[in-house]
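As structure tokens, the structure follows; a few thoughts come after it.
The values are calculated or read from the model by the stated rules, or taken from the named source; none is laboratory data. Remember, it's a predicted structure, so these values are computed and weren't measured experimentally. Here the Cβ is made from the backbone with ideal geometry for all residues, glycine too, and neighbour counts use every protein chain on show.
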Amino acid sequence: MSGPIKTDAIVLRSLRYGEADRILHLYTPARGRIGAIAKGVRRTRSRFGGRLEPFSRVRLVCHEGRGELVTITAAETLDAHARLREHAATLDSAARACDAVARVFETEEPHLAVYNLLANELALLAADANNASHANALAFRLKLLVSAGLAPSLGACASCGSPEHLVGYSPQAGGVVCNACEAASFPITRETHEFMTLALGSPLAKTPSASAGTLREAERAIGETLEHHAHLRLRPAAVR
């Protein structure tokens, strides 16, 4: 059904199209990921100005026709997150966060929690460049797993339910496993288990710190969980 749409959105990605237009990948609170076209946005006197840059949180009026893309007719900036563009690290972290959302949640199914999580992450990156850490990026991805219905089991063995002797991580089982069920797992340290548990239970702004080895193990657990259950392989969470 064609007609106007009013929605808040985060600009995940922007691609040049034709002589003056851009194709935008957006994440919205009520419609999930959608594609849009901003006509004439690259012209010097465009009515959109710089309001549709990647990582911006905006309020849009769009027209929905019969095609796959909605047409943006008006845009208001809610948060430009301008300061994250001042540092290469925050810019890279923002791009990886948006890419992860676009890959894991690629349909128009709404996930308000994902929209709020991404908005929070971008605001943190803009507020302080120190938030552009490997630990923060992994905490963000762990919370994405929860929203995707792939939350890792960390309180007890994912295979037998035992709360003791948790020595491995099994992507197939979906979490940590005990020494009796570790055949199809890879070993993880107590520090990695503790980091993942704390990161899941803490706000992004209070992500715990961890050693490089711990973060490598946590990233492997997150990545292989997504590969096994969602058949996705994401970019590394941070520059190495």
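Residues in region 121-169 that are surrounded by fewer than 22 Cβ atoms within 10 Å (Cβ to Cβ) and acidic (D, E): D128, E164.
Give A74, A102 a once-over and let me know the one that is modelled with pLDDT of 90 or more, in a strand (DSSP E or B), among the small types (G, A, S) and within 22 Å of D21 (Cβ to Cβ). Please lay out each step first, then the result.
Values: A102 fails: in a strand (DSSP E or B).
Matching residue, one of A74, A102: A74.
Taken over region 161-175, the residue count meeting the criterion of being closer than 22 Å to G149 by Cα and of a type in the set (D, E) is 0.
Restricting attention to region 17-37, the residues that are farther than 20 Å from A94 by Cβ, of a type in the set (A, V, I, L, M) and in a strand (DSSP E or B) add up to 1. Evaluating L118 against the criteria (1) assigned by TED's automatic domain parsing to the domain that holds H25; (2) touching a residue at least 60 places away in the same chain (Cβ under 8 Å); (3) surrounded by fewer than 21 Cβ atoms within 10 Å (Cβ to Cβ); (4) under 17 Å from L200 (Cα atoms) leaves one unmet condition, (3). Per the conditions (1) farther than 13 Å from P152 by Cα; (2) assigned to a loop (DSSP other than H, G, I, E, B), the sole criterion not satisfied by V167 is (2).
Taking the condition closer than 30 Å to A82 by Cβ and touching a residue at least 12 places away in the same chain (Cβ under 8 Å), does N179 pass? Outline the logic, then answer.
Details: closer than 30 Å to A82 by Cβ: no; touching a residue at least 12 places away in the same chain (Cβ under 8 Å): yes.
No.
For region 87-104, state whether one or more residues are without any contact (Cβ under 8 Å) to a residue 24 or more places away in the chain, over 19 Å from R141 (Cβ atoms) and not aliphatic (A, V, I, L, M). No, every residue in region 87-104 fails to be without any contact (Cβ under 8 Å) to a residue 24 or more places away in the chain, over 19 Å from R141 (Cβ atoms) and not aliphatic (A, V, I, L, M). Inside region 170-190, can you point out the residues that are exposed (fewer than 14 other Cβ atoms within 10 Å of the Cβ) and small (G, A, S)? Hits for region 170-190 are A180, A183, A184.
Within region 1-57, the set of residues being β-branched (V, I, T) and more than 23 Å from N120 (Cβ to Cβ) comprises I5, I23, I37, V41, T44. Filtering region 1-35 to residues that are buried (at least 19 other Cβ atoms within 10 Å of the Cβ) and among the aromatic types (F, W, Y) leaves only Y27. Only one entry in V70, V176 is touching a helix residue (DSSP H, G or I) at 6+ places or on another chain (Cβ under 8 Å) and either of a type in the set (A, V, I, L, M) or more than 25 Å from P208 (Cβ to Cβ) (or both), namely V176. Among the residues of region 40-62, those that are at pLDDT 90 or above and either surrounded by fewer than 20 Cβ atoms within 10 Å (Cβ to Cβ) or assigned to a strand (DSSP E or B) (or both) comprise E53, P54, R57, V58, R59, L60, V61, C62.
Looking at R220, R233, which is the one that is loosely packed, with under 15 Cβ neighbours inside 10 Å and under 24 Å from R103 (Cα atoms)? Reasoning before the result, please.
Working: R220 fails: loosely packed, with under 15 Cβ neighbours inside 10 Å.
R233 is the lone residue from the list that is loosely packed, with under 15 Cβ neighbours inside 10 Å and under 24 Å from R103 (Cα atoms).
Among the residues of region 85-104, those identified as buried (at least 16 other Cβ atoms within 10 Å of the Cβ), of a type in the set (A, V, I, L, M, F, W, C) and more than 14 Å from V11 (Cα to Cα) are A89, V104.
Take A156 and tell me if it is aliphatic (A, V, I, L, M) and either closer than 15 Å to R220 by Cα or under 14 Å from the mean Cα position of the chain (by Cα) (or both).
Numbers: aliphatic (A, V, I, L, M): yes; either closer than 15 Å to R220 by Cα or under 14 Å from the mean Cα position of the chain (by Cα) (or both): no.
So A156 fails the test.
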